[in-house]
Amino acid sequence: MCAWYGDCVESSHAIRRLFVGVVTPLTLRVGRQHEVTLEQISLDGASLDFTDVWDVAVNHRQLSLCPVAREKMARSRAWVLQAAAGEVIDENGDAMPVYGVNTGYGSLARVRIPKEQITQLSMNLIRSHAAGVGEVATEAVTRATMLLRANALAKGSSGCNIEIVTTLIAMLNAGVTPEIPLQGSVGSSGDLAPLSHLGLVVFDDGTPGDSGWASFNGTRLKGDVAMQKAGIPRIVPGPKDGLAMTNGAQLTTAITALTVVEGAALVLTAEIATALSVEALKGVSRAFHPAVHVLRPYPGAQQTASNLCALMVGSTLVDSIPEKVQDAYSLRCTPMVLGAVRDGLKFGASQVAVELNAATDNPLILMDEPGPNHAFSAGLFHGEAVGLAADHIKLVLSEAAALSERRLYRLTTGSLSALLPPLLVGVDQPGMGMMVPQTTAAALVSENRSLCWPSSADSIPTCEDQEDLVAMSTTAARRAAEVLKNSRQVIAIELMAAVTALRVRCDEGHTLGAGSAAAYALLSPLTDARTPSEVLSRIDAVIVSGALNKCVREAVPVLEVADV
Amino acid sequence: MSKSPIVLTGASLTIDALMRVAHGAPIALGEEARTEMQRSSQWLSEHGPASILAQKMGWLSGSEVGADDDALVVPFIQSHCAGVGKPLSDLVVRALIAARANVLATGLTGCRPAVADVLIRAVNENRTPVVPSQGSVGAAGSAALAHMVDGLFFDDCDVVLRGSEALALINGSTLATVLGAFAVHRSHRCLNMAIAATALTMEVVRADTAALSIQPMGARSDAAEAVAMALLDQLSGSTMVAQGRRPDPFSIRCAPAVIGTARSAVSAAEAVIRKDLNAANVNPLVRVDAQRVDEVGNFHGAEVAFVMDALKIALTTLASMSERRTFRLTYGQLSGLPSFLVRGTGLNSGLMIAQYTAASLVSECKVLSHPASVDAIPTVQHQEDHVSMAPIAARGALRILDALSEVLSIELICGAQGLDFRLEGTAVEDDGVVHTVAPLTAGKGTMVSYRFVRGVVARWVEDRALMPDLHAMAEAARVCGPSESPKNALPW
């Protein structure tokens, strides 16, 4: 799976500009030892943004529960406790059935549960639903999942124990990270199995049972031991608490949100790679002229075109072949393709942005609606909205890489590269130059194509036909993260080849554009290694850390404007 | 080494033998192969092109390469080291080294025996270089093989590679073939699991065996017939199944047809992989008898790519059908047993979510079944303009196998849980009330499967975490190859 690691100041900036529209200076710590100077996030179920998610997931930003949210939660909780005690009466004078509070789950909603077994009902739900398989989620994904679950509950419409939220916050603040297996969720009723694995660590009804696993201070521990070491009491689950922990597609949303953040940063990196390649191939800049893109005014295309122009300002390479009137599509149509990638990501982000602050529980406890029945059984947990977005995100990220690979092919093909050395074999460096890295890129692009088959298009009925159309959103999100990683490697390969090509152009006495020059200066020293694999891992590191985007944006501040 | 080594002859390497090598069996170069390699390498050095590597590099780059072969070997190999992603497991790397050594043993590569000896020593001394799993298109110069050569020949190695040997070592799609060998090996295990799981489910849902006995007479497919016989064998002695009840749903009635077809797909893959393990998957081809060195296309992985893509579809179909049977097992109205196979439903959710997990995995398999071989992206300056993507197909098959064995494990767990009710005489009438009826007897074969499952996973009485059960079953099912202890051996 994709690893979200290290601090990523750059991505945080990018996403704040892209999706929030406000630029505020951030001082993020580099590694865990350094001071955190960000203020705490006050969870209120309504105002979480991508930056917050990234900061909590990756940079361990601290959290608290907003007092207003706490009050709202208390109100719905009081009603749930009444209903569980049989004090909410229906029109026949009987204790009102409330789904999951005093009934079984799923198709077992037909079964009534006596009040003395309500704690066991919640605990059984968590235990029997802990049915995940496969690799364990990364720390960042797990933290984002916990944050999103806490925020959904902080909306106050779940009627759950407030301590669930405060415990999740305490775990995030202290760095207790439960183990969540990534496979096995259909994303409808939410990510039931993944969230139940979280629940195993959080809940304890005093009976012996599996408490899951968690890491704390870098050690893998049994869930109960980890909580004890962190000094966080586990919670006896009350009515509805099991449902409240599990009903929502938070793993889907966590993975997709982090993919959006990294994907947004990667688009800028792809534009930087394009600029380097266009310069190396002595491309024609007219295709990027703003007057062109006003005529087909996709916002993404306009942004990309404007960025490309800014990156190449001052280049003596572009437009240096007078008889050349236009380039191949992989250069000329970059605004059309990468622009569509931008717009696609923005669509995906807009879906996820809603989900970041959504209630996803069932039933909802709506205290502002007239009683006596404040419980509304609905389907807000269904992952379709985010799953469709994730499927689209993987598609657009795959196209970004496909385009990049075609430019790479031109860079390495003698007859297409404006007289660059074939395969970019260096004069003083025998070997096959960039021949095999281009092959690697082709393999990655091809792999992406298989992975792009949409998960959302599939559904398999579950739970005795009660849950008869499921989202498969978790799989969509995981494939999106996988495609992101492959695409990032492809763009790293283009950067490596373009820098190698530009070394030839610089030797010919050419000057690079402002942005290209900054990227070249950062990347060029990284290319001196024994094997292409080693160079690629170095370049990948400066993409992931955000160092590449950052240094180019410092050289071309106008990119910031273009990026909004 | 106490065990006698597996002898590489270039003609006799089987998938089973390769799996034994992966799990630690030693290898040795056959004497005839050694003689043949000696003869061809000597002929090549005396009569072959002077600088075969320089010539090749010149063709690829489109310009003359000034240096001679000796100076080019290291940069040639290292510039091929462009793999990315997670490293392959040590098991796969051992098999990769051995399989490539077997290609050299064909005597058609012009490599000296000493080169094969370096590979063989690495396997026998369990030295496994880091080989990234991604970045290979399954044609010509392989990044994976280059990483292997880089890790074995340049530090502390007494063999200095010749240009022709550098080419011979890395020019081939052996990675895909080796991954394919693992996939075929694991597929056999899953086919047997699928038969065991199907039989168990048939007992629990009290299936009509008419479809099984008609199958041989219908003679639509030999493979289906073989599966039907295997199922009947499992069910022999059962009082749960009978002939002449109402027809079963397709996930049960048509299981022989589907499992049989999957078995055919595995056989087809096996034939290709078996052949490719002993083929001159290399370029150029050095033929002493014909006194020729020829540029050929033997490295192209299309054959492996096709059978791996077909295998993916077959395995996904097995998973998909198994999930439908699990759905029935957990569905009270369809199974005639308590919902989700647990008493006290409502308070207990039983095996409800096991079916979700299976559904999710099947859906994932569908995405991974998308064929890799339909794609091709031109590489190397229009020269390598159609590539096979075989390693991607084979890796996809292995990912599907991971999911498939989980899905089948889930069916086996649910099947054993259902069988417990049948064995003790619990049944649910249409009104949903649990009744006690006469206990029934299961077939001898199914009881073996049942006892195996119960040896790994306890009966579900009250809700508990399911993951440890799934993990234990999947581990038991994953145990494969010759290293498994009899204690863990599966009954099927």
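Selection of the range A:518-548 for residues being out of contact with any helix residue (DSSP H, G or I) (no Cβ under 6 Å at 6 or more places or on another chain) and either among the polar types (S, T, N, Q) or crowded, with 21+ Cβ neighbours inside 10 Å (or both) yields A:Ser533, A:Ser537, A:Val544, A:Ser545.
For the range B:33-88, a residue qualifies if it is in contact with a Leu (Cβ under 8 Å, 6 or more places away or on another chain) and away from chain A (no Cβ under 14 Å), and the qualifying residues are B:Ala33, B:Met37, B:Ser40, B:Ile52. Among the residues of the range B:108-146 satisfying the criterion of being on the phi > 0 side of the Ramachandran plot and either under 22 Å from the mean Cα position of the chain (by Cα) or open to solvent by 10 Å² or more (accessible area, probe 1.4 Å) (or both), which is farthest from the other protein chains (Cβ to nearest Cβ)? Of everything passing the filter in the range B:108-146, B:Asn126 is farthest from the other protein chains (Cβ to nearest Cβ). Just one of the listed residues (A:Arg488, A:Arg505, A:Arg479) is crowded, with 24+ Cβ neighbours inside 10 Å, more than 30 Å from A:Gly379 (Cα to Cα) and either at pLDDT 95 or above or within 14 Å of chain B (Cβ to nearest Cβ) (or both), namely A:Arg488. In the set A:Thr138, A:Thr207, A:Thr177, only one residue is free of Cβ contacts under 8 Å to residues at least 40 places away in the same chain, more than 24 Å from A:Lys72 (Cα to Cα) and not small (Gly, Ala, Ser); that residue is A:Thr177. Within the range B:357-384, being part of a helix (DSSP H, G or I) and open to solvent by less than 10 Å² (accessible area, probe 1.4 Å) holds for B:Thr357, B:Ala358, B:Ala359, B:Ser360, B:Leu361, B:Val362, B:Ser363, B:Glu364, B:Cys365, B:Val367. Every listed requirement among (1) assigned to a loop (DSSP other than H, G, I, E, B); (2) closer than 29 Å to B:Ala268 by Cβ is met by B:Arg246 save one, (2). Evaluation of B:Thr357 against the conditions (1) away from every other protein chain (no Cβ under 12 Å); (2) in contact (Cβ under 8 Å) with a residue 12 or more places away in the chain shows that the sole unmet condition is (1). Taking every residue in the range B:466-484 that is more than 7 Å from chain A (Cβ to nearest Cβ) and pairing it with any residue that is modelled with pLDDT under 90 and open to solvent by less than 30 Å² (accessible area, probe 1.4 Å), at least 6 positions away or on another chain, the pairs with Cβ-Cβ distances below 7 Å are B:Ala476/B:Leu490; B:Ala477/B:Leu490.
Please specify each residue of the range B:402-422 satisfying the condition of being under 28 Å from A:Arg110 (Cβ atoms) and either within 35 Å of the chain's Cα centre (by Cα) or surrounded by fewer than 18 Cβ atoms within 10 Å (Cβ to Cβ) (or both). Residues satisfying the conditions are B:Ile410, B:Glu411, B:Ile413, B:Cys414, B:Gly415, B:Ala416, B:Gln417, B:Gly418, B:Leu419, B:Asp420.
Quickly run through the range B:147-177 and pick out the residues that are buried (at least 24 other Cβ atoms within 10 Å of the Cβ) and charged (D, E, K, R). Listed by number, the list holds a single entry, B:Glu165. Of the strands (runs of 3 or more DSSP E) entirely within the range A:136-230, those holding at least 2 residues that are in contact with a Gly (Cβ under 8 Å, 6 or more places away or on another chain) and within 16 Å of A:Leu251 (Cβ to Cβ) occupy A:181-183.
Any residue at all in the range A:50-57 that's open to solvent by 10 Å² or more (accessible area, probe 1.4 Å) and more than 24 Å from A:Pro237 (Cβ to Cβ)?
To start, the set of residues in the range A:50-57 that are open to solvent by 10 Å² or more (accessible area, probe 1.4 Å) comprises A:52.
Still in the running and more than 24 Å from A:Pro237 (Cβ to Cβ): A:52.
Within the range A:50-57, one or more residues are open to solvent by 10 Å² or more (accessible area, probe 1.4 Å) and more than 24 Å from A:Pro237 (Cβ to Cβ).
Checking the structure you have, find out if any residue of the range B:292-307 is over 30 Å from B:Leu53 (Cα atoms), away from chain A (no Cβ under 12 Å) and not polar (S, T, N, Q). The answer is yes; a qualifying residue exists.
Could you check the range A:206-223 and list, in sequence order, the residues that are under 29 Å from the mean Cα position of the chain (by Cα), of a type outside the set (Lys, Arg) and open to solvent by 60 Å² or more (accessible area, probe 1.4 Å)?
In the first step, residues of the range A:206-223 are kept if they are under 29 Å from the mean Cα position of the chain (by Cα); the result is A:211-223.
Going one step further and asking which of them are of a type outside the set (Lys, Arg), we end up with A:211-219, A:221, A:223.
Selection gives A:Trp213, A:Asn217, A:Gly218, A:Thr219.
The set of residues in the range A:77-100 being part of a loop (DSSP other than H, G, I, E, B), open to solvent by 30 Å² or more (accessible area, probe 1.4 Å) and among the aliphatic types (A, V, I, L, M) consists of A:Ala85 alone. A Cβ distance below 7 Å, combined with a sequence gap of six or more or placement on separate chains, defines the contacts here; from the range A:436-457, residues that are facing chain B (nearest Cβ under 7 Å) and within 13 Å of B:Cys365 (Cα to Cα) reach residues that are small (Gly, Ala, Ser) and surrounded by 24 or more Cβ atoms within 10 Å (Cβ to Cβ) in the pairs A:Ser450/B:Ala372; A:Ser450/B:Gly396; A:Ser455/A:Gly387; A:Ser455/A:Ala476; A:Ser455/B:Ser363.
Are any of the residues in the range B:81-91 closer than 18 Å to B:Pro5 by Cα and either at pLDDT 95 or above or assigned to a loop (DSSP other than H, G, I, E, B) (or both)? Yes, the range B:81-91 contains a residue that is closer than 18 Å to B:Pro5 by Cα and either at pLDDT 95 or above or assigned to a loop (DSSP other than H, G, I, E, B) (or both). Taken over the range A:421-435, residues that are surrounded by 23 or more Cβ atoms within 10 Å (Cβ to Cβ) and within 7 Å of chain B (Cβ to nearest Cβ) amount to 6.
In this structure, is B:Arg395 surrounded by fewer than 22 Cβ atoms within 10 Å (Cβ to Cβ), of a type outside the set (A, V, I, L, M), over 30 Å from A:Gly414 (Cβ atoms) and within 12 Å of another protein chain (Cβ to nearest Cβ)? Talk me through it step by step, then tell me what you get.
Values: surrounded by fewer than 22 Cβ atoms within 10 Å (Cβ to Cβ): no; of a type outside the set (A, V, I, L, M): yes; over 30 Å from A:Gly414 (Cβ atoms): yes; within 12 Å of another protein chain (Cβ to nearest Cβ): yes.
No; evaluated as a whole, the condition is false for this residue.
If you filter the range A:392-420 down to residues that are facing chain B (nearest Cβ under 9 Å) and open to solvent by less than 30 Å² (accessible area, probe 1.4 Å), you find that the one that is nearest to B:Pro75 (Cα to Cα) is A:Thr412.
A:Leu469 meets all of the listed conditions (1) touching an Asp or Glu at 6+ places or on another chain (Cβ under 9 Å); (2) within 28 Å of A:Asp528 (Cα to Cα) but one, namely (2).
The criterion of being within 29 Å of A:Arg332 (Cβ to Cβ) and either buried (at least 24 other Cβ atoms within 10 Å of the Cβ) or of a type in the set (A, V, I, L, M, F, W, C) (or both) does not hold for A:Ala257.
Only one entry of B:Gln243, B:Gln215 meets the criterion of being over 30 Å from B:Val123 (Cα atoms), at pLDDT below 95 and either surrounded by fewer than 19 Cβ atoms within 10 Å (Cβ to Cβ) or of a type in the set (Asp, Glu) (or both), and that entry is B:Gln243.
Residues in the range A:282-338 that are closer than 18 Å to A:Leu408 by Cα, open to solvent by 60 Å² or more (accessible area, probe 1.4 Å) and charged (D, E, K, R): 1 in all. For the range B:329-354, filtering for residues that are more than 7 Å from every other protein chain (Cβ to nearest Cβ), part of a loop (DSSP other than H, G, I, E, B) and touching a Leu at 6+ places or on another chain (Cβ under 6 Å) leaves 1. Taken over the range A:506-556, the criterion of being among the acidic types (Asp, Glu) and farther than 30 Å from B:Ile77 by Cβ is satisfied by A:Glu508, A:Glu554.
The values are calculated or read from the model by the stated rules, or taken from the named source; none is laboratory data. In this text the structure is predicted, and so the values were computed from the model without any measurement. Using ideal geometry, Cβ is built from the backbone for each residue, glycine included, and neighbour counts are taken over all protein chains shown. Protein only, heavy atoms only, side chains kept; ligands, DNA and RNA dropped before computing areas. Shrake-Rupley method; radii C 1.70, N 1.55, O 1.52, S 1.80 Å.
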